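Engineer: Below you will find the structure I want to go over with you.
The values are calculated or read from the model by the stated rules, or taken from the named source; none is laboratory data. As the structure is a computational prediction, the values presented were derived from the model and not from experiment. Backbone-built Cβ (ideal geometry, glycine too); neighbour counts: all protein chains shown. Surface accessibility is based on the protein's heavy atoms, side chains included, excluding ligands, DNA and RNA. Shrake-Rupley method; radii C 1.70, N 1.55, O 1.52, S 1.80 Å.
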Amino acid sequence: MAGKRRILATAALPYANGSIHLGHMLEYIQVDVWTRFQRMRGHECVFVCADDTHGTPIMIKARELGITPEAYITKSREDHLADFNDFGIGFDHYSSTHSDENKALCEEFYLKMRDNGHIAIRDIKQLYCNFDKMFLPDRFVKGSCPNCKAANQYGDNCEVCGATYSPAELKDAYCSVCKNPPVEKTSSHAFFQLDHFRDFLSKWVPTHTTPEIANKMQEWLGGELRDWDISRDAPYFGFEIPGLKDKYFYVWVDAPIGYISSTLQWAKKNGRDLKEFWQDDKTEIYHFIGKDIIYFHCLFWPAMLKTAGYNTPKQIAVHGFMNLNGEKLSKSKGTQIPARIYLNHLDPMYLRYYYASKLSSALQDIDLNFDDFGNRVNSDLVGKITNLGSRGAQMLKKRLDGRMGKLSGDALKLVKDTQNKADEIAELYESRDFAKAMNEIRALAEEANRYFDERAPWKLINDNPEATREVLASIINVFRCLAIYLKPVLPKYSDRVAALLNEKSYSWSDVQKILENHDIGEYEHLATRVEPTKIDELLASIQPSVQPKETSKVASSNDIKPTDIKPASTASTAPAATDAPTEIDFEDFAKVDLRIVKIIEAEEIVEADKLLRLKVDLGNGQTKQIIAGIKSAYKASDLVGRMTVIVANLKPRKMKFGMSEGMVLAAGPGGKDLFILSPDSGAQPGQKVK
């Protein structure tokens, strides 16, 4: 690893006129994971943010509530911070753009822009609402985009094609407050002459963004870089522009400067110098933003920084939008879920893990699908990772006095193989490919669970307690490594693992340590399953349009036992009326994915009367573990090598004796008269059953 780095990371500033929702939270979790990882590696990493507080929407909302704008943004900041704190977002400092420091910096930036010849003052025709008696800011004018003709677009940029324009260029414009068409009036405004920075930006953009973003920026740089109107008319809640009467800085001027003023407040509090972070080339500055604001951050902001004498960011990290069950987030459709509503129903660590399992460095939208959400948490985090620690630690504490053994042979190799993934996983965190990191961690957990099942310590302990102690020590060491790898995503979870193992909070280098002859504490539950009813309650609390049409299917289909499937020929000759089969549509039946598999391993579960643990081959290197209730009819040894049919798309279910990832099809009244399906000769693993 290279020497200690000095890093400053920022997230886009949430607007004070609205609550934090799960779309916002995607970005804050992304930055929080990345900055926590950097600190674990021993780097100095400062994470700052602030409420974006200015503009006409704030002023009008405060007026509606009968309070001052200052009172309104103070309450908004308190609410935002409460949400962030409960989601474990570890800001080093969280400020407000309505601060003395930000006002002074805005004036400094403007005067340097003006004195360096980059400000032009000229009269423009501007939209004015005679009904509301005010010039209309961008977000208070709506109409059709002058570029792509999309309807109901705001007055500054089109959310459909990405074009930027002035409100006066909108077609069929109307005031978004009173819905009346505005009139044109002349007003004097200040413009930042962006075209002066064309050569600088043409060289800067490709080296500070991903190729995908750079290509998009080059489309704009290849055309006209129009002057940017940075002023707004009174009445306006914001900072007045020096030397211009009744003119205020446009909110997009003082918002990014909030990155610097927030750093300044942090520096004052910690006895540091602002220049260390914004005027020293040794500091790496990273801005994390959504793809809807790349124009401001990749063109206007670097130009502003250059003319004011501040460092530009090393990289602009851009993520896509978050959709809910395939739909774009929309407050009116009820798909915009407030963070506080989520927190009222579900553990925040679930969402942190789920977002991490979806995020990459690529510019792609992310879908929050609640069936997928429940399955990933239940199958991966609870069923594979947490189950590993639960099985190992509880057995060691209850049966072997909680003392780990010394490692050798395969037990030591399992731990070493897990440790050897540290650099690869670290690189994935560094490059923001969190989804790949989660895949690696899950794969390590799966390998350790296979080892646990193969060694069967619940059997081994009767004949060889010390060998059992070694098996459990290896499992606990692997689990410890996974907790370290997961700490950027699940910091509280990792700290609870450290407490279980009588250790301090982990740094990244701790993964190379191996615990031997070490005492552990009492196991406490680290993660519980996502219950389908909790998701249903969450969705029902938003709006009717988001409520599930039926009870959420998260992991619930595994409540069916393999022996519950019985064809009509095996039913009683005189069934009661209540036993009549429930009819389903063909579309429902078509969702069941029946696959031919080969049973490659079969093991009796000694502690269970009816269960066998099977490992089946689906072809193409895919395997599944299935716990099947067919022990009364089959010996485990007789099943190895046999072909059968399973339900391959059944959601995994955590059972007492491990994870079951499918269902073996069987027919018969039960007991010894229970028959698994046998396909014709020539059938191959993975083939669909039609």
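Engineer: From largest to smallest, what semi-axes in whole angstrom does the range 207-361 give when each is the square root of 5 times an eigenvalue of its alpha carbon gyration tensor? Working shown, then result.
Structural biologist: Working: eigenvalues 182, 94, 88 Å².
Over the Cα atoms of the range 207-361, the ellipsoid semi-axes are 30, 22, 21 Å.
Engineer: Holding the Cα-Cα limit at 18 Å, pick out from 436/487; 103/291; 398/459; 149/171; 598/688 the pairs that are longer than that. Please report the intermediate quantities before stating the final value.
Structural biologist: Details: 436/487 16 Å; 103/291 27 Å; 398/459 15 Å; 149/171 8 Å; 598/688 13 Å.
Where the Cα-Cα span goes over 18 Å, the pairs concerned are 103/291.
Engineer: Oh, and also: Points 7 angstrom from Cα along the Cβ direction at residue 458 and residue 276: gap in nanometres?
Structural biologist: The answer from the label model is 5.5 nm.
Engineer: How big, on average over all directions, is the shadow cast by the Cα convex hull of the range 1-133, in nm²? Don't jump to the answer; show the numbers that get you there.
Structural biologist: Numbers: hull surface 49.1 nm².
Result: 12.3 nm².
Engineer: Right, here's the next one. Kirkwood hydrodynamic radius of the range 297-371 from all distinct Cα pairs, in Å? Walk me through the numbers before you get to the answer.
Structural biologist: Details: mean 1/r = 0.0661 Å⁻¹.
Taking the inverse mean of 1/r over all distinct Cα pairs, the range 297-371 comes out at 15.1 Å.
Engineer: If you add up the charges near residue 290, with Lys and Arg at +1 and Asp and Glu at -1, over every other residue whose beta carbon is less than 11 angstrom from its beta carbon, what do you get?
Structural biologist: Neighbourhood net charge equals -2.
Engineer: Highest mean first, how do 253-261, 220-228, 70-78, 623-631 rank when packing is the count of other Cβ atoms within 10 Å averaged over residues? Please list the in-between numbers first.
Structural biologist: On the way: 253-261: 26.1, 220-228: 15.0, 70-78: 16.6, 623-631: 21.3.
So the peptides 253-261, 220-228, 70-78, 623-631, ranked by packing, come out 253-261, 623-631, 70-78, 220-228.
Engineer: Under the rule of at least 5 residues apart or a separate chain, name every residue whose amide H is placed under 5 Å from the amide H of residue 368.
Structural biologist: Placed amide hydrogens put 323, 324, 325, 326 under 5 Å from residue 368.
Engineer: Here's another thing I want to ask about it. Around residue 689, which amide H atoms from residues at least 5 apart in sequence, or from another chain, sit under 5 Å from its own amide H, with H modelled in the peptide plane?
Structural biologist: Sorted by chain and number, the residues that satisfy this are 594, 595, 596.
Engineer: In Å and on Cα atoms, what radius of gyration and Dmax does the range 596-661 show?
Structural biologist: 11.2, 33
Engineer: Grab the beta carbon distance between residue 178 and residue 689, set R0 = 60 Å, and tell me the FRET efficiency rounded to 0.05.
Structural biologist: On the way: r = 63 Å, r/R0 = 1.04.
Here the calculated transfer efficiency is 0.45.
Engineer: Something else about it: What accessible area per residue, rounded to a whole number of Å², is obtained for the range 404-500 using a probe radius of 1.4 Å?
Structural biologist: Details: 3480 Å² over 97 residues.
Result: 36 Å² per residue.
Engineer: What's the carbon and sulfur percent of the range 604-646's accessible surface, probe 1.4 angstrom, rounded to a whole number?
Structural biologist: Numbers: 870 of 2000 Å².
Here it works out to 44 percent.
Engineer: So with the 1.4 Å probe, I'd like the accessible area per residue for the range 90-168, rounded to whole Å². Walk me through the numbers on the way to the answer.
Structural biologist: Details: 3550 Å² over 79 residues.
With all protein chains present, the range 90-168 gives 45 Å² per residue.
Engineer: Something else now. Using only alpha carbon pairs under 8 Å that are at least six residues apart, calculate the relative contact order of the chain and give it in whole percent. Write out the running numbers ahead of the final one.
Structural biologist: On the way: 1210 pairs, mean separation 80.2, N = 690.
Contact order relative to length: 12 percent.
Engineer: How big is the C-alpha Rg of the range 102-236 next to the rule-of-thumb value 2.2 N^0.38 Å, as a ratio? Working shown, then result.
Structural biologist: Numbers: Rg = 16.7 Å, N = 135, 2.2 N^0.38 = 14.2 Å.
Working it through for the range 102-236, the quotient is 1.18.
Engineer: Another one. To the nearest 0.05, what FRET efficiency results for residue 540 and residue 210 with a Förster distance of 25 Å applied to their C-beta separation? Let's see the in-between values first.
Structural biologist: Working: r = 39 Å, r/R0 = 1.57.
E(calc), rounded to 0.05, equals 0.05.
Engineer: Calculate, for residue 447 and residue 408, the FRET efficiency according to 1/(1 + (r/R0)^6) with r their C-beta to C-beta distance and R0 25 Å; round to the nearest 0.05.
Structural biologist: On the way: r = 18 Å, r/R0 = 0.73.
Result of the calculation: an efficiency of 0.85.
Engineer: Let me ask something else about it. Does the range 458-540 come out rounded, prolate or oblate, given a ≥ b ≥ c as the square roots of the eigenvalues of its C-alpha gyration tensor, rounded meaning a/c under 1.5 and, failing that, prolate meaning a/b above b/c?
Structural biologist: Values: a/c = 2.89, a/b = 1.46, b/c = 1.97.
Since a/c reaches 1.5 but b/c is at least a/b, the shape of the range 458-540 is classed as oblate.
Engineer: Something else: Please list, in chain and number order, the residues 5+ apart from residue 7 or on another chain whose amide H is under 5 Å from its amide H, with Hs placed from the backbone.
Structural biologist: Distant-sequence amide H within range of residue 7: 44, 45, 46, 284.
Engineer: At a 1.4 Å probe radius, carbon and sulfur cover how many percent of the accessible area of the range 170-312? Present the calculation step by step, with values, prior to reporting the outcome.
Structural biologist: On the way: 2800 of 5910 Å².
Exposed carbon and sulfur together represent 47 percent of the surface.
Engineer: Consider all pairwise Cα distances in the range 339-469 and report the whole-number % of them above 18 Å. Numbers along the way, then the final one.
Structural biologist: On the way: 5395 of 8515 pairs.
Tail of P(r) above 18 Å: 63 percent of Cα pairs.
Engineer: Ok, one more. Can you give the % of DSSP beta bridges in the chain that are antiparallel, to the nearest 5?
Structural biologist: Values: 55 of 79 bridges.
Approximately 70 percent, going by the DSSP bridge assignments.
Engineer: Please identify the helices of the chain, taking whole runs of DSSP H, that span at least 27 Å along their own axis as judged from the Cα atoms and have a mean Kyte-Doolittle score of 0.0 or higher.
Structural biologist: Working: long enough: 434-455 (32 Å, -0.84); 465-486 (31 Å, 0.91).
Long hydrophobic helices here: 465-486.
Engineer: Using θ = phi - 60° and the Karplus form 6.51 cos²θ - 1.76 cosθ + 1.60, what ³J(HN,Hα) does each residue of the range 6-15 get, whole Hz, x for Gly and Pro?
Structural biologist: Coupling constants for the range 6-15: 10, 10, 10, 10, 10, 10, 4, 6, x, 6 Hz.
Engineer: Over all alpha-carbon pairs in the chain, figure out the percentage whose distance exceeds 33 Å. Intermediate results must be reported in sequence, preceding the final value.
Structural biologist: Details: 136872 of 237705 pairs.
That tail contains 58 percent of the Cα-Cα pairs.
Engineer: For a test of the definition: using alpha carbon positions, the gyration tensor, and the 1.5 limit on a/c, classify the range 92-177 as rounded, prolate or oblate.
Structural biologist: Verdict is prolate for the range 92-177.
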